[in-house]
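K.L.:
Have a look at the structure that comes next, please.
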Amino acid sequence: MSFTLAIVGRPNVGKSTLFNRLVGRKLALVDDQPGVTRDLREGEARLGHLKFTVIDTAGLEEATDESLQGRMRRLTERAVGMADACLFMIDARAGVTATDEVFADILRKKNAHVFLAANKGEGRAADGGVIEAYSLGLGEPLRLSAEHGEGMGELAMMLAPLI
Ligand code: GDP
Ligand code: MG
């Protein structure tokens, strides 16, 4: 059985961008407009010499009758249930938001194996958000730039002991 990593976090932090980089094909849609990717997507990731399954969570952007928090909980729990570990992603440029804190609580309560990633980490504009990420109480944040491919070696080193 292949190791499975779920990428979770609020809309627009860069989950699909990382998923696409890991999978190497445009399996998950990336768009500036929230609402493009839906539900869960699975792909075969390659990162250095590592091979694993990666799940991209989406579906939080759709307008439905269900509350955002309800959908976050449902989708995150589904993804976490399918995965061996999850990469909880925040946007380092935006810093920690109230929605990020809700996600952190869901993950803590699920007792999930969580790695914290501060994405959009390229450049000085992300410095404050990376520091803020410690306040989530999920350990040291991994500074990433999914778009520019920064932090991929560190991500591989983090995952390697598990795969
Ligand atoms: P998702 O909703 O979490 O799946 O986020 P997306 O992957 O769709 O990305 C949302 C937006 O953030 C897009 O405009 C991406 O190009 C942008 N983005 C993703 N990763 C990075 C990054 O590392 N740096 C910057 N500056 N923008 C990024
Ligand atoms: Mg997406």
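The values are calculated or read from the model by the stated rules, or taken from the named source; none is laboratory data. Keep in mind that what you see is a predicted model, and the values were worked out from it rather than measured.
K.L.:
Would you point out which residue out of 140, 101, 122, 132 is closer than 15 Å to residue 11 by Cα, over 12 Å from the mean Cα position of the chain (by Cα) and at pLDDT 95 or above?
P.N.:
101 is the lone residue from the list that is closer than 15 Å to residue 11 by Cα, over 12 Å from the mean Cα position of the chain (by Cα) and at pLDDT 95 or above.
K.L.:
Kindly provide the set of residues from the stretch 21-56 that are modelled with pLDDT under 90 and among the β-branched types (Val, Ile, Thr), ordered by number.
P.N.:
30, 36, 37 - these are the residues of the stretch 21-56 that are modelled with pLDDT under 90 and among the β-branched types (Val, Ile, Thr).
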